[in-house]
Amino acid sequence: MSGALPAGAPAAELAGGAPLLELTDVAVRFATGGGAVDAVRSVNLQLAAGEVLAVVGESGSGKSVTAMSLLGLLPRTAAVSGRAVLAGRDLYGLTAEELRRVRGNEIGMIFQEPMSALNPVLRIDDQLIEAIRVHRDLGRAQARDRATELLRLVELPDPARVLRSYPHELSGGQLQRVVIAMAVANEPKLLIADEPTTALDVTVQAEILELLRDLRSRLDTAILLITHDMGVVADLADRVVVMHDGEVIEQGDVHTIFNAPSQEYTRDLLGSVIALSAQPMEIDTVESAAEPVLRVRDLSVVYGKVRAADGVSFDIAPGEILGLVGESGSGKSTVAGAVTGLVKPTAGAVHFDGSDMNRADKALRRRIGVVFQDPASALNPRATIGDSIAEPLRLHRVLSGSALEDRVADLLRSVQLDPALGRRYPHELSGGQRQRACIARALALDPDLLVADEPTSALDVSVQARVLELILRLQDELGFACLFISHDLAVIERLANRVVVMHHGRIVETGPTASVLYAPQDAYTRRLIAAAPVADPVVQAARRQAWRAL
Amino acid sequence: MSDPLATTVRRAVWADWWTRLSALTVLLMIGLALAADLLVSLEGQSLRPDTSVLGPTGLPAEGPSADHWFGVEPLTGIDLFALVVHGARTSLLIGLAATVVAVLLGLLIGASAGYLGGWWDRIVGWTTDVIFGFPYLIFLIALSAVTPPSVPKPLLLVIVLGFFGWPRIARVVRAQTLTLTQRKFVAAARVMGAGPWHVFRTELLPNLWAPVIVVSTLSIPSMIGLEAALSFLGVGIQPPTASWGRTISTAIDYVEVDPLYLIFPGAALFLVTLGFNVVGDSVRDAIDPRSAGRI
């Protein structure tokens, strides 16, 4: 495959077994107002030609900073030391001009958000042709041919139409393919992929991972994969580097890391991954003889021409956890909005304990609690945690004075937070602590129904599992019914008694969790379940085969 | 744990010697305004005309002295120090009161337009556009000319300046409210059953103070400047109430023979507007990091 390398590449060196990329004692220090912060400390790693190396870690582990330092894309406050040798040249020692020739030519970059990686006011052809002509002396017509060829390479159907389009006219998956086409335009030796599938739906993620795997074998490009998703690692990586707090904790072969990790931290990280189990879990079904607490009938919500929800009907029995699964744009958040009364239904009705939510009064609303996806957004930044939790109690004049303070302290304890945190402001808490505070607020009035809209997807892996356990334990103690919304099937499997699967605003399948996850009837549900990666390289390889067969 | 906003503002004002000096100037002017009567009686003077200190041509017989710290006014012999410190009282009172009126109107109108939206938002949008494009200086001059003298001029100025000042604040507040409403804590309050007033008071207002503090500290000097301009044109504060603008206007005629007459009230007006502007600017830099560091 050396023919794919650009002319002049030191092929002899690569053939001689020397690594393509070698990082020695890399450290990155940020100068901030309050002194220096060591974001990365003494990182050593190697990447061979054609190899996929996954750098995994939670937010703040330094994995992205390490990758960005290779391209000189760190802010000016960063001081980089050490050596990063790519095919015999130290990237840190290059001038701005030399570095520019490396970017996009020897190293290609794939970003997390394909929408923001492309210029929204330029058509795809202009951007792609520009990316080609920066490094190659080609005429416009030749560059256009090359662009078409690249779009075929990334398996985009109808390249001519894609070239004429503006970014907003393409879907997220198509855009990421365009970004990948740009990244491989000059057949780089190294691709840096920073969370390449995090912003994408799980069915699209599976396709993009398949494409990356295919490009790697066709172009013999090495891939430095930055991710927090162990399922993605298991799917794509040959070797794994685990980072924590700016340092490399462990590195090794993907099978070794997953099956016999030597470090405590790696074991914890893998242990906290919420993954689909190999065989059906025993999940109780709640007797639905009782009158349902929530009854949704033929609910439709139309925004302009878009039918966000289309004839949705389901019930939730008292004490039951109903999982609502769907990808972005499936209408699951719209349904949540209609249930909580934030969205007005265009047709159909939502009945809570026999009353229409559309005409809900304060007394009815206090019996529904809501937990949102991003706890940073769900807490008033200018209110203390205690005030935020006390707000529903004050609003409904349930308690006041010292009784109110006691209740807030009790609530904080029930979500396993120190009552002293009640005097802090949201920015002084971690993401997991904030989400616990949000749960305490939602449960302050002892609701009959808890609506949880993706409550763990903004959290780090190690925190997710504990927050889910907390919700389960509280549900067991307090016995509320729960509408649990998620795109993550593994999370749903942990919690839900029953599952509703939504696609394009409609319910495509509904049933007990075990039967939906392990014997799906609908074609879309089957694809959705098959596409979800599992954090085990061997199992994932088998699942990949099954997914391809679909 | 103290409120982060108060700490930010305090730090911003005390950040470097330049803003510290400006803040001290503002505080000094506020002190002069508050203690005007006391200071003038310490000096042993008042706002009464006194022709005995004037020469035969009506010009002051002598310059600043132990009796008259800034000298006296030509033709009337009124003590200039008394005019300047009482002028500070008028300027600050009108500047602050007009800003308070503008902020109250701007907050209520801007937040309700941003939160409620719909037809109310459209009406507010049109109204602010009209007021922004309105030739308000000419309107103010005409209005002052036709109002009966029984209406107290300071009150009229406060109401009119406040009325023309709210659209600026309402625009900022509306934009901020629109982004806040996207945040989930507002949705959380609505789900709890909170009405618009509760949402405004507990969710929006604490998050609106930061931009409101910035626009209002920058609005005070422009209000002071407007009052001085109107008084300069003779349609603002009328005698015997002291006003920098009016004193400056008369002093122009004597600038060659008695320059100090112009310099004292002019410097006072300059210092107070500069002080407020510098403090407002550094508070804005502290609260809105996007504007910091730009020179």
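The values are calculated or read from the model by the stated rules, or taken from the named source; none is laboratory data. The structure displayed is predicted, hence computed values, not measured ones. Neighbour counts are summed over all protein chains in view; Cβ atoms, including those assigned to glycine, are modelled from backbone coordinates with ideal geometry.
Table for the structure above
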item	result
Candidate set from the range A:50-63 (those that are touching a strand residue (DSSP E or B) at 6+ places or on another chain (Cβ under 6 Å) and under 20 Å from A:Leu459 (Cα atoms)); member that is surrounded by the most Cβ atoms within 10 Å (Cβ to Cβ)	A:Lys63
Conditions (1) aliphatic (A, V, I, L, M); (2) surrounded by 18 or more Cβ atoms within 10 Å (Cβ to Cβ); (3) in a helix (DSSP H, G or I); number of the one not met by A:Met109	(3)
Residues within the range A:203-217 that are crowded, with 16+ Cβ neighbours inside 10 Å, of a type in the set (Asp, Glu) and closer than 18 Å to A:Gly50 by Cα, tallied	1
When residues of the range B:158-216 are limited to those that are closer than 26 Å to A:Leu364 by Cα and among the small types (Gly, Ala, Ser), the one nearest to the other protein chains (Cβ to nearest Cβ)	B:Gly193
Top-ranked residue in the range A:413-430 [being more than 14 Å from chain B (Cβ to nearest Cβ) and assigned to a helix (DSSP H, G or I); ranked as nearest to A:Asn380 (Cα to Cα)]	A:Pro419
Among the candidates A:Leu404, A:Leu395, A:Leu399, residue that is within 11 Å of chain B (Cβ to nearest Cβ), farther than 30 Å from A:Ser328 by Cα and surrounded by fewer than 24 Cβ atoms within 10 Å (Cβ to Cβ)	A:Leu395
Residues that are surrounded by fewer than 17 Cβ atoms within 10 Å (Cβ to Cβ) and in contact with a helix residue (DSSP H, G or I) (Cβ under 9 Å, 6 or more places away or on another chain), drawn from the range B:101-120	B:Leu104, B:Leu108, B:Leu116, B:Gly117, B:Trp120
Residue that is nearest to the chain's Cα centre (by Cα), among those in the range A:382-402 that are in a loop (DSSP other than H, G, I, E, B) and among the β-branched types (Val, Ile, Thr)	A:Thr384
Meets criteria (more than 21 Å from the chain's Cα centre (by Cα), within 14 Å of chain A (Cβ to nearest Cβ) and modelled with pLDDT under 75) for B:Ser2	yes
A:Ile226 being aliphatic (A, V, I, L, M), assigned to a helix (DSSP H, G or I) and buried (at least 21 other Cβ atoms within 10 Å of the Cβ)	no
Criterion violated by A:Thr340 - all others in (1) more than 13 Å from chain B (Cβ to nearest Cβ); (2) touching a helix residue (DSSP H, G or I) at 6+ places or on another chain (Cβ under 6 Å) satisfied	(1)
Residue match in the range A:336-346 (condition: at pLDDT 85 or above and of a type in the set (D, E, K, R))	yes
Residue list for the range A:135-186, restricted to those being in contact with a Pro (Cβ under 8 Å, 6 or more places away or on another chain), in contact (Cβ under 8 Å) with a residue 24 or more places away in the chain, of a type in the set (S, T, N, Q) and farther than 18 Å from A:Met109 by Cβ	none
When residues of the range A:374-389 are limited to those that are surrounded by fewer than 24 Cβ atoms within 10 Å (Cβ to Cβ) and more than 8 Å from chain B (Cβ to nearest Cβ), the one nearest to A:Ser333 (Cα to Cα)	A:Ala376
Residue match in the range A:342-352 (condition: within 27 Å of A:His427 (Cα to Cα), assigned by TED's automatic domain parsing to the domain that holds A:Ile507 and out of contact with any strand residue (DSSP E or B) (no Cβ under 6 Å at 6 or more places or on another chain))	yes
Candidate set: the range B:172-186, residues that are within 27 Å of B:Leu226 (Cβ to Cβ) and surrounded by fewer than 20 Cβ atoms within 10 Å (Cβ to Cβ); chosen: the one nearest to the chain's Cα centre (by Cα)	B:Val172
Residues of the range A:412-430 satisfying the condition of being buried (at least 17 other Cβ atoms within 10 Å of the Cβ) and of a type in the set (Gly, Ala, Ser)	A:Ser414, A:Gly422
Hits in the range A:287-315 - residues which are of a type outside the set (D, E, K, R), under 19 Å from A:Gly341 (Cα atoms) and out of contact with any helix residue (DSSP H, G or I) (no Cβ under 9 Å at 6 or more places or on another chain)	A:Pro292, A:Val293, A:Ser300, A:Val302, A:Gly311, A:Ser313
Verdict on B:Ser22 being small (Gly, Ala, Ser) and crowded, with 16+ Cβ neighbours inside 10 Å	yes
